[in-house]
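Here is the structure we will look at, set down as structure tokens.
The values are calculated or read from the model by the stated rules, or taken from the named source; none is laboratory data. Predicted model, so just to flag it, every value in this text is computed and none were measured. Quick reminder, even Gly has a Cβ in these numbers, built from the backbone with ideal geometry, and neighbours come from all protein chains shown. SASA here: full protein model, heavy atoms, side chains in, ligands and nucleic acids out. Shrake-Rupley method; radii C 1.70, N 1.55, O 1.52, S 1.80 Å.
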Amino acid sequence: MHTSDKAAKPSAAALKDLAPTGKLRAAINYGNSVLAQKGPNGERGGVSVALATALAERLNVPIEFVEVQAAGKSFEALATGKADVGFIGIEPARAAEIDYSPPYVILEGVYMVRKDSPLKTLEDVDKPGITIGIGLASVYDLYLTRMIKHAKLVRAKVGGGAAGIPVFLEQNLDVAAGVKQPFRDYVRDHSEMRLIPGAFQQIRQAMGTPKGRPAGLAYLRDFVEDMKASGLVAEALKRSGQDADVAPPER
């Protein structure tokens, strides 16, 4: 596996930043099934689990998984210092409290409507009177909060890549917004639904760490680039049955 010397040998400062308690506390979000999954017997899988495990091995410290069900909860764990790293979409609204690595995976935000909906294009959605179901504090919630000017956002009580679907159904909304893969799977099983062509957002999934840990952040940046180049990210996606795109290199 290709590694840089810098990434392979963490400095004392990087180790202190990334494992201040002597272990790596990694927030894993099971609300995004593209990135993390938990089996019937509690076994963990997915690209974020693989990256966290590889990072702990690099640092030569034990790992503690901080398990959450939504990206907003991962952000809270990082912002409050309860986790040292997390797996979270790059979003300006979060950048005041956490720092990001380069992205390791690119996801897409998509819209789902009923098959007989008059809405045909992405541009049709942001109109007066249109209601959109979304997951609370998700990266696409934060994005659409900035971008939507006329339609009304209706937030589920929870976050997650597919959290917009239940609120869409329960409140008979016009549109559900969320992550492409779980929405595509839902449409495959529900012929009365369809996706609007295209993506309203490119979601850059990165590793995050609490603000004010510069040596740890520098190490994390190198680590993520190494993991993309080595093939670990692509292999972990394939092993967990996911078809997301590996983010391009940034160095």
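What is the total of Lys pairs in the range 55-161 with C-alpha atoms under 14 Å apart, excluding same-chain pairs fewer than 8 positions apart? Mind showing how you got there, number by number?
Values: 73/82; 73/157; 127/149; 127/152.
Close lysine pairs found across the range 55-161: 4.
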>> Could you compute how much accessible surface residue 126 exposes when probed at 1.4 Å, giving the result in Å² to the nearest 10?
In response: 40
>> Taking a ≥ b ≥ c as the square roots of the Cα gyration tensor eigenvalues, with a/c under 1.5 meaning rounded and otherwise prolate when a/b beats b/c, else oblate, which class fits the chain?
In response: prolate
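Going by average Cβ neighbours within 10 Å, how do the peptides 71-77, 38-44, 56-62, 156-162 rank, with the highest at the top?
Working: 71-77: 25.6, 38-44: 9.3, 56-62: 15.7, 156-162: 21.6.
Put in order of decreasing packing, that is 71-77, 156-162, 56-62, 38-44.
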>> Let's see if you can work this out: charge +1 on each Lys and Arg Cβ, -1 on each Asp and Glu Cβ, no other charges. What is the dipole magnitude of the range 11-130 about its Cα centre, in debye to the nearest 20?
In response: 260
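Counting pairs of alpha carbon atoms under 8 Å apart in space and at least six apart in sequence, what relative contact order in percent does the chain give?
Details: 535 pairs, mean separation 72.1, N = 251.
Reported as a whole number, the value is 29 percent.
Quickly estimate the mean residue ellipticity at 222 nm for the chain, helices only: each DSSP H run with n ≥ 4 gives -39500 (n - 2.57), and the total goes over all residues, rounded to 500. List each step's numbers first, then the result.
Working: 10 runs with 88 residues, N = 251.
Calculated at 222 nm, the ellipticity per residue is -10000 deg cm²/dmol.
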> Excluding same-chain residues fewer than 8 positions from residue 228, which lysines have a Cα within less than 22 Å of its Cα?
Replying inline: 6, 9, 180, 238
> What dipole magnitude, in Debye to the nearest 20, does the range 142-251 give about its Cα centre under +1 on Lys/Arg Cβ and -1 on Asp/Glu Cβ?
Replying inline: 440
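What is the magnitude of the charge dipole of the chain about its Cα centre, with +1 placed on the Cβ of each Lys and Arg, -1 on the Cβ of each Asp and Glu, and no other charges, expressed in debye to the nearest 20? Display every interim value, and only then the final one.
Numbers: 32 positive and 29 negative charges, 52 e Å.
Computed about the Cα centre, the dipole is about 240 debye.
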> Once you sort the root eigenvalues of the Cα gyration tensor of the range 1-98 as a ≥ b ≥ c, which label holds: rounded (a/c under 1.5), prolate (a/b larger than b/c) or oblate (the other case)?
Replying inline: oblate
> How large is the accessible surface per residue of the chain, computed with a 1.4 Å probe and reported in Å² as a whole number?
Replying inline: 45
>> Expected output is a single nm value to one decimal: the length gained when fully extending between residue 199 and residue 67, i.e. 0.36 nm times separation in residues minus the C-alpha distance. What is it?
In response: 44.7 nm
>> Below 19 Å, Cα to Cα, which aspartates and glutamates can residue 211 reach? Residues fewer than 8 away in the same chain don't count.
In response: 17, 76, 84, 91, 97, 99, 222
>> I need the shape label for the range 132-172. Rule: rounded when a/c is under 1.5, else prolate if a/b > b/c, else oblate, with a, b, c from the alpha carbon gyration tensor.
In response: oblate
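How much of the DSSP bridge set in the range 76-189 is antiparallel, in percent, rounded to the nearest 5? Don't skip to the end; give the middle numbers.
Numbers: 4 of 10 bridges.
Given both bridge residues lie in the range 76-189, the antiparallel proportion sits at roughly 40 percent.
Could you sort the peptides 142-153, 168-179 by per-residue average Cβ neighbour count (10 Å cutoff), highest mean leading? Display every interim value, and only then the final one.
On the way: 142-153: 14.6, 168-179: 21.2.
Result, highest mean Cβ count within 10 Å first: 168-179, 142-153.
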> Ordered by residue, what ³J(HN,Hα) values in Hz, to whole numbers, does the range 176-192 give under the Karplus form 6.51 cos²θ - 1.76 cosθ + 1.60, where θ = phi - 60° and Gly and Pro are x?
Replying inline: 10, 10, x, 7, 3, 4, x, 5, 4, 5, 5, 5, 4, 9, 9, 5, 7
>> 7 Å from Cα along Cα→Cβ at both residue 145 and residue 106: what's the point-to-point distance in nm?
In response: 2.6
>> Placing +1 on the Cβ of each Lys and Arg and -1 on the Cβ of each Asp and Glu in the range 89-164, which of 164, 110, 100 has its Cα farthest towards the positive end of the resulting dipole?
In response: 164
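Carbon and sulfur together cover what percent of the accessible area of the chain at a 1.4 Å probe radius?
Exposed carbon and sulfur together represent 53 percent of the surface.
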>> Suppose we keep just the DSSP beta bridges with both residues in the chain; what percent of those would be antiparallel, to 5?
In response: 65
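For the full complex of protein chains and a 1.4 angstrom probe, list 189, 243 by accessible area with the highest value first. Could the numbers behind the result be given before it?
Values: 189 115, 243 85 Å².
Highest to lowest solvent-accessible surface, that is 189, 243.
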